[in-house]
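The values are calculated or read from the model by the stated rules, or taken from the named source; none is laboratory data. Remember, it's a predicted structure, so these values are computed and weren't measured experimentally. Note that we place each Cβ from the backbone using ideal geometry, even for glycine, and neighbour counts take in every protein chain shown. SASA here: full protein model, heavy atoms, side chains in, ligands and nucleic acids out. Shrake-Rupley method; radii C 1.70, N 1.55, O 1.52, S 1.80 Å.
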Amino acid sequence: MEVPLRRWPKYAPAVLGCFVASVFAQTQDLPALRTQGAAQQLIVHGTPFLILGGELGNSSAGTAGQADEILPKLARLHFNTVLMPVAWDQLEPQEGRFDFSIPDHWIDTARQQNLHLVLLWFGSWKNAFSEYAPDWVLSDTRRFPREISADGTPLEILSPLGEGTARADSRAFAALMHHLRAYDAAQQTVLMVQVENEIGFLGVGGRDRSDSANRLFQAPVPAELSSDLGAHRERLAPEIAAHFNSDGRTWQQMFGEHADEAFMAWEYGLFANQVARAGKAEYPLPMYMNAQLPAPFEQGGEYPSGGPYPLVQAIYRAAAPSVDFYAPDIYWPDFAAWVDRYQAAGNPVFVPEARLDEAPGNALYAYGEAGALGFSPFAVDSISDDPAHPAASPGIADVYAALSPIIQTILDAQEKNQIRGLVLHATSARPAQTVSLGGFLFRASLSRTWPARQLATNDGAMMVIENAPNEFLVIGSGLTVSILRDPDVDEQVAGIASIEQVSNVKGQWVTERRLNGDQSDQGRSLQMDAHELRTYRVRLITYPRR
Ligand code: DGJ
């Protein structure tokens, strides 16, 4: 069924109601997002699932055969989920003729390796550009119009205003989801789908200047958008709220200096919604969109203007109800700040792309402090598992090796709000950070040498889980952690009863080493290994001040 881009038929609510009811009846057990206590988690086969993920490089899933080498390696490296591109030009090389052989082989291979997949739909846009659209789309600029830059230059970027483009993209995506339902609904190897990739307008002026875009930009803001924003003022990002004029008629009047970006967000959001809606009608897996984040001082157009990042998320919520959530690709230094901003905007925390070199600490922060349902550094197929060329230590594979046996503990702790995390760098604004958990304050600073007291590492991170009353699992490296009683709880004094370095063997904790004397600073702090990721079990005592 083709759905018009801008208008809903009058009978839509009734039809939609029946449709939702029947889909629900058939799909109660499909992967879904659910709020579980303090956490928003991904539910797979009825139980929470934690994505220990990694995204493939762009040229790593263009053939079926690449799966045979890459997936076994990632399974050996303790990944449980791989994010892989599905390219429109390979899926539909001729209009209406689909070839599912590549995703099918990746799914088969993932199953053999006990891995899950998240599919990335590289449709009309990937990093704002349209390189992954099929030739028959790219060569027909009348049916599939392009964007125009402010200086009049035609861009090699499809316009979100192209109704033919939205129909063709939606049809291809729906075909993929239809096929997936038949191929995978029973096993659910594929957990979620990303709709497009880092969309937004890249070009001078931050807005498409084609005639049709200019006409719509001068026209009144659509009533659906203004009434939705009016009803949900709390969703507006502070930067938009500061200029927002609900009485404004035009984009300029309503959004002031953010008008261009707001306009592009609405147009891209409508397009993405049409794609996601068509896909969900076939197979309603959770669907999200990722965003390229602006670097400091970048202007819209230097980064993809109107992409789905928090500045304009309220507009996406109005335009794209079929998209479940939004996710940041974090390559900039302020990882925690971006995670927090997405979480504050109501998203479950899922980081589909992040720097591989900083992944170990950021993973501990994401799962521990932000309750992430998944984390996934980029280009993970480049990690070596060749003992002759070992990967940097600790690497993301070390983190996943430590977390794999305790996934259920982490999920339970996220649900009960009994987990924290932090990450510190030599360049961090503050030399120490503190998290509060289970009646104690864990104050961490970077490991130092003794007796010179110089920094022993530039990076440290930890995840702390309340395992039992007064007992904590601390997973990390590169930190010295002093532990104090939280004065907001009572006036007791905290002491360390024992610190053990442990590993989990077939569900049982095995003590590898007890840390005493010089290794616990005479019982005063947890001294992590400066470079190797370890799991420590810390037992604490409290006693009265007098
Ligand atoms: C973000 C994109 O989403 C990825 O596909 C990739 O291009 C990285 N940037 C950078 O390599």
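Computed quantities for the displayed model
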item	result
Cα-based reach from Lys416 at 14 Å (exclusive), listing aspartates and glutamates while leaving out same-chain residues under 8 positions away	Glu369, Glu466
Volume per residue of the C-alpha convex hull in the stretch 468-534, rounded to whole Å³	101
Pairs of alpha carbons in the stretch 184-328 whose separation is greater than 18 Å (percent)	55
Separation of alpha-carbon centers, the stretch 175-231 and the stretch 453-485, rounded to whole Å	42
Evaluated at q = 0.05, 0.09, 0.12, 0.13 Å⁻¹: base-10 log I(q)/I(0), Debye formula over Cα of the chain	-0.22, -0.70, -1.15, -1.29
√(5λ) per eigenvalue of the Cα gyration tensor, the stretch 418-524, largest first, Å	21, 19, 15
Computed over the stretch 205-257, Kirkwood Rh from alpha-carbon pairs, angstrom	11.8
Accessible area (Å², per residue) of the stretch 302-358, counting only protein heavy atoms and a probe of 1.4 Å	29
Carbon/sulfur fraction of accessible area - the chain, other protein chains in place, 1.4 Å, %	50
Pair His243, Ser498: separation of 7 Å Cα→Cβ label points (nm)	6.1
Stokes-Einstein translational diffusion, the stretch 347-399 - Kirkwood Rh over all Cα pairs, 1.306 mPa s, 10 °C, in µm²/s	137
Volume of the Cα convex hull of the stretch 109-244, divided per residue and given in Å³	175
Using alpha carbons only: equivalent-ellipsoid semi-axes of the stretch 275-343, gyration tensor based, whole Å	25, 13, 10
Alpha-carbon Debye profile of the stretch 358-472, log10 I(q)/I(0) at 0.11, 0.14, 0.18, 0.22 Å⁻¹	-0.42, -0.66, -1.02, -1.28
Calculated on alpha-carbon atoms, Rg and Dmax of the stretch 233-276 in Å	11.3, 32
Computed [θ] at 222 nm, helices only, for the chain once each DSSP H run of length n ≥ 4 contributes -39500 (n - 2.57)	-9000 deg cm²/dmol
1.4 Å probe accessible area per residue over the stretch 144-301, in Å²	37
Calculated SAXS-style log₁₀ I(q)/I(0) at q = 0.12, 0.14, 0.19 Å⁻¹ - the stretch 57-171, Debye, Cα scatterers	-0.50, -0.64, -0.94
